[in-house]
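Right, one structure below, let's go through it.
Throughout, read-outs are computed from the coordinates displayed, never taken from laboratory work. For clarity, every value in this text was computed on a predicted model and none was experimentally measured. Note that we place each Cβ from the backbone using ideal geometry, even for glycine, and neighbour counts take in every protein chain shown.
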């Protein structure tokens, strides 16, 4: 099963690459199965066993997720979008789009609203499976430490008062109807105008989605010695007027100063724990002498955690004079 999870992850990664390149010819079960060296039947069975859905359904939903963003963000004709993502006609695209999202492409383009997109599944994760870090690579990257002023913005999120860490957060959220990882990430992925969105379509990886910790007297006592509540969400412009999904919260975040602890790109499987430890140590050891600042643990101040191994891992912590 360990090896098959890695194999399915290979297929999942290849699917996204082909969709982004509009390479429909490579997006067939036959081609992908041959790439792995197994029969179509066996690959299909293992894909569903590991991912929880059929290969055909996953592929269709991922194509529609990419197509929806083009409907939302581009001026390309709906017919061109339909053909680019493998639909035989405008009508076929419209039927699939409406069946999945409850609205036609033309209606959605006029009035984008949060819908649940199929985010990329990650069937192979060493940490989720309990294997941890391989430890073959040790990054020589130093932690960059710098002050920034972040303009006023909004933070759309869900929160959990009892969780302790990313995996525990989503395990607890999965017990709340409509707040599981797939639903929340899918909704956030569809929202237009996210401040940290770089055009990606993956969970917490380039699609503007971030973990956060709100200083909260009702929250758990964190490793840094003050109560906080774990959150997951997206930053939005201060003038954002879009629809707020009923299971989410929106808060205004005033302009303020922050101290950033940032590590550059790293190999997730081989370095994740090491990078986390290096950042934690840098935060614990930071000397505020002569800076005129200190960490701000006032209620409702937010710590943001940006985690995208291909780019960086960084904590953005509020400070005050």
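For the chain, what does -39500 (n - 2.57) per DSSP helix run (n ≥ 4), summed and divided by total residues, give at 222 nm, in deg cm²/dmol to the nearest 500?
After summing the helix terms and dividing by the residues of the chain, the value is -11500 deg cm²/dmol.
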Problem set entry | the chain, relative contact order [Cα under 8 Å, separation at least 6], % | 18
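Over all distinct Cα pairs, what is the inverse of the mean 1/r for region 51-120, reported as the Kirkwood hydrodynamic radius in Å? Could the numbers behind the result be given before it?
Details: mean 1/r = 0.0823 Å⁻¹.
In region 51-120 this quantity evaluates to 12.2 Å.
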Exercise. For region 156-264, what's the relative contact order in percent, using C-alpha pairs closer than 8 Å and at least 6 residues apart?
Worked result: 32
For this session: Could you let me know the centre-to-centre spacing of region 235-278 and region 73-90, using Cα atoms, in angstrom?
Result: 33
Seminar exercise, completed: For region 1-109 the mean separation of alpha carbon contacts under 8 Å (6+ apart) over residue count, i.e. relative contact order in percent, is 20
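Which of 18, 222, 231 comes first, and how do the rest follow, when ranked by fewest Cβ neighbours within 10 Å?
Details: 18 20, 222 16, 231 26.
Neighbour counts put them in this order, fewest first: 222, 18, 231.
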Exercise. How far, in degrees from 0 to 90, does helix 40-51 lean away from the longest principal axis of the Cα atoms of the chain, to the nearest 10?
Worked result: 30
For this session: Can you pull the one-decimal nm distance between simple spin-label points at residue 53 and residue 16, each 7 Å off the Cα toward Cβ?
Result: 1.4
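Let me know the Kirkwood hydrodynamic radius for the chain, please, with Cα pairs as the basis and the value in Å to one decimal.
After inverting the mean inverse Cα-Cα distance, the result is 21.4 Å.
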Problem set entry | Peptides 184-195, 100-111, 302-313, 282-293 ordered by average Cβ neighbours within 10 Å, highest first | 184-195, 302-313, 100-111, 282-293
Exercise. Once the Cα atoms of helix 2-20 and of the chain are each reduced to a long axis, what angle between those two axes, in degrees from 0 to 90 to the nearest 10, is obtained?
Worked result: 80
For this session: Kindly express, to the nearest 10 degrees and within the range 0 to 90, the angle between helix 55-73's C-alpha long axis and the longest C-alpha principal axis of the chain.
Result: 70
Problem set entry | Fully extended contour minus Cα-Cα distance, from residue 107 to residue 91, at 0.36 nm per residue | 4.4 nm
Exercise. Which ordering of 119, 10 is given by a fewest-first count of other beta-carbon atoms within 10 Å?
Worked result: 10, 119
Problem set entry | Label-zone membership for region 244-277, site residue 311, 7 angstrom Cα→C-beta point, backbone N under 19 Å | 258-269, 272, 276
For this session: Mind running the shape call on region 144-320? Use the C-alpha gyration tensor, a ≥ b ≥ c as the square roots of the eigenvalues: rounded below 1.5 for a/c, prolate if a/b tops b/c, oblate otherwise.
Result: rounded
Seminar exercise, completed: Proxy exposure order for 30, 317 (fewest C-beta within 10 Å first) is 30, 317
Exercise. How long is region 2-110 along each principal axis, judged by its Cα atoms, biggest number first, in Å?
Worked result: 45, 24, 21
